[in-house]
Amino acid sequence: MDKILVHGGHPLNGTVRVSGSKNSALPILAAALLTRQPCVISNVPDLSDINYMLQILSHLGAHVERASGVVRIEAEKLKTEAPYEIVRKMRASVCVLGPLLGREREATVSLPGGCVIGDRPIDLHLKGFEALGAVSRIEHGNVKLFAKELRGATVNLRGKQGPTVLGTDNVMMAAVLAEGTTVIESAAAEPEVVDLANFLNKMGAKIEGAGTRRIVIEGVPELHGAEHEVIPDRIEAGTYLVAGAIMGGDVMLRRVDPTHLGALIDALRQSGYAIEVGTGTLRIKGHPSPTPVQLTTEPYPGFPTDMQAQMCALLSQTSGISVISETIFPQRFMHVSELKRMGADISLDGHTAIIKGVEKMSGAPVMASDLRASAALVLAGLRADGVTEVNRVYHIDRGYESIDEKLNQLGARIERMKA
Ligand code: EPZ
């Protein structure tokens, strides 16, 4: 297993290009199953999660070609069972359920296990599919769906932790070929949901309201192929903004959509950082004495849970007491114990982290646990004294395209050690 060595203390200056969004590309690639005609998706990031999705689509019978960031998918004939050996590697595989149900009226996908950020149920996905007329069964670790026909319905997809992103995607993808009108209440409003709806509408779907809590889908008899460029990855962008804040340099991001990062920009400005918003660019400059902040993660447009770990790394080195409450995945604090190994002063009270900023953290061997926690450890290592050895780097490669190369281009000193 690869590991990376982060040598602390190298300031960051310069420009970094943000890649296409992982969390937009995954459901969009799955949506290509809804038509027999070819779809061409561009700005697809080179990530292991994307590779897993392409393997699943190929296994289902789609013809998949990839040339750097462009993927061509032609799903003429489809099998309807996604293989456990691939699905188990990536929870987002569940987003093939909607397209398979929409097109073939049946689907079998192994249940997503939990993961380190917490239990990952799909009860709301199934609630939506059943509202459309599907029957769901859980057997031998698989979720099986079957529908004689799919009829539009009104369904509220709010769970106890609020809306569901992939649940909204899945129900939308099943509803586009249903008979009649579907209304999704308490829909997720993330930019990635809007990107998927835009792609589906290019394929001939009739979806209105994406980006609001109420999405209306008018079923159509069939969809045709389409071309689409995936939006920039707002979480990758946010991660590099925080890197710029931690290292106090002058970092410019390009090919980013600043409107997707409002809550993070507000939080960083509140802490004292100067952030310039341009057309497709964001620029952050360091601050000599940033102030602590209080944050609560919320569904979009609130502060994103996927930026919580990275903010813990920044606030661990911001003098004063900061507080972060995690409402989406209450157990999403695997990074805290590793940051404490580096000298952070963080105490957990239920789903709230109380962070007392320390002058200097110290590099140490740490263990990556999930995608964003791993990024947080790299960020902390950028400024810590000495070398931070981040093990199990495959977690990072799931969601960050060449993070070591991009940070080194900005002036960091990161070595990747092939295991
Ligand atoms: C998406 O996961 C993202 N993944 C996650 O990013 C992100 O953290 C999450 O949305 C929240 O923004 C992708 O888009 C591939 P949810 P998703 O359904 O859709 C509960 C990353 O780092 N829930 O919005 O699986 C659930 O347990 C990843 O890139 C139910 O109770 O998340 C959670 O508490 C990590 N029942 C909350 O809702 C359900 O049926 C939000 O989950 C579904 C979800």
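Among the residues of region 55-72, which ones are in a helix (DSSP H, G or I), surrounded by fewer than 19 Cβ atoms within 10 Å (Cβ to Cβ) and not polar (S, T, N, Q)?
Selection gives His59 alone.
Pairs please, first residue from region 386-402 and more than 14 Å from His7 (Cα to Cα) and within 13 Å of the ligand (Cβ to nearest atom), second anywhere and modelled with pLDDT under 90 and of a type in the set (S, T, N, Q), Cβ atoms under 8 Å, 6+ apart in sequence or on different chains.
His395/Ser369
For residues that are more than 17 Å from Glu208 (Cβ to Cβ), surrounded by fewer than 18 Cβ atoms within 10 Å (Cβ to Cβ) and away from the ligand (no atom under 16 Å from the Cβ), tally how many sit in region 145-161.
4
Quick one: is Ser347 touching a His at 6+ places or on another chain (Cβ under 7 Å) and not assigned by TED's automatic domain parsing to the domain that holds Lys89?
So Ser347 does not fit the description; no.
Name the one entry in Ala92, Ala62, Ala75 that is at pLDDT below 95 and among the small types (Gly, Ala, Ser).
One residue alone meets the criteria, Ala92.
Any idea which residue in region 356-379 is surrounded by the fewest Cβ atoms within 10 Å (Cβ to Cβ), counting only those that are over 25 Å from the mean Cα position of the chain (by Cα) and more than 21 Å from Tyr240 (Cβ to Cβ)?
Glu359
Check off (1) closer than 30 Å to Ala375 by Cβ; (2) away from the ligand (no atom under 16 Å from the Cβ) for Glu192 and give me the number that stays unchecked.
Exception for Glu192: condition (2).
This table checks each residue for (1) hydrophobic (A, V, I, L, M, F, W, C); (2) within 24 Å of Asp233 (Cα to Cα); (3) modelled with pLDDT under 95.
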| site | (1), (2), (3) |
| --- | --- |
| Met307 | yes, yes, no |
| Thr318 | no, no, no |
| Pro330 | no, yes, yes |
| Glu338 | no, no, no |
| Lys406 | no, yes, no |
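Can you tell me which residue in region 17-60 is farthest from the ligand (Cβ to nearest atom), limited to those that are of a type in the set (D, E, K, R) and under 19 Å from the mean Cα position of the chain (by Cα)?
The extreme case among them is Arg17.
Can you name every one of the strands (runs of 3 or more DSSP E) wholly within region 261-369 that holds 2 or more residues which are acidic (Asp, Glu) and away from the ligand (no atom under 16 Å from the Cβ)?
Where strands (runs of 3 or more DSSP E) fall fully within region 261-369 and carry at least 2 residues being acidic (Asp, Glu) and away from the ligand (no atom under 16 Å from the Cβ), they are 345-349.
Taking the stated definitions as given, is Leu253 modelled with pLDDT of 95 or more, assigned to a helix (DSSP H, G or I) and closer than 19 Å to Ala375 by Cα?
No, not satisfied.
Within region 272-300, track down each residue that is in contact (Cβ under 8 Å) with a residue 40 or more places away in the chain and buried (at least 19 other Cβ atoms within 10 Å of the Cβ).
Selection gives Leu282, Ile284, Gly286, Pro290, Pro299, Tyr300.
Say we look at region 162-176 and pick out the residues that are surrounded by 24 or more Cβ atoms within 10 Å (Cβ to Cβ) and not in a helix (DSSP H, G or I); which of these is nearest to the ligand (Cβ to nearest atom)?
This residue is Thr164.
Hey, can you tell me all the residues within region 17-34 that are crowded, with 23+ Cβ neighbours inside 10 Å and either of a type in the set (Asp, Glu) or outside any helix (DSSP H, G or I) (or both)?
Hits for region 17-34 are Val18, Ser19, Gly20, Ser21.
Please verify whether region 197-216 includes one or more residues that are part of a strand (DSSP E or B) and buried (at least 24 other Cβ atoms within 10 Å of the Cβ).
yes
Which numbered condition in (1) in contact with a helix residue (DSSP H, G or I) (Cβ under 9 Å, 6 or more places away or on another chain); (2) not in a loop (DSSP other than H, G, I, E, B) is the only one that Gly225 fails?
Going through (1) in contact with a helix residue (DSSP H, G or I) (Cβ under 9 Å, 6 or more places away or on another chain); (2) not in a loop (DSSP other than H, G, I, E, B) one by one, Gly225 breaks only (2).
Of all residues being part of a strand (DSSP E or B) and free of Cβ contacts under 8 Å to residues at least 60 places away in the same chain in region 82-127, which is nearest to the ligand (Cβ to nearest atom)? Just the residue, please.
Val109
Residue check: is Ala274 in contact with a helix residue (DSSP H, G or I) (Cβ under 6 Å, 6 or more places away or on another chain), of a type in the set (Gly, Ala, Ser) and at pLDDT 95 or above?
no
The values are calculated or read from the model by the stated rules, or taken from the named source; none is laboratory data. Fair warning: this is a prediction, and the values are worked out from it, not measured in the lab. Positions of Cβ are backbone-derived with ideal geometry, glycine not excepted, and every protein chain shown enters the neighbour counts.
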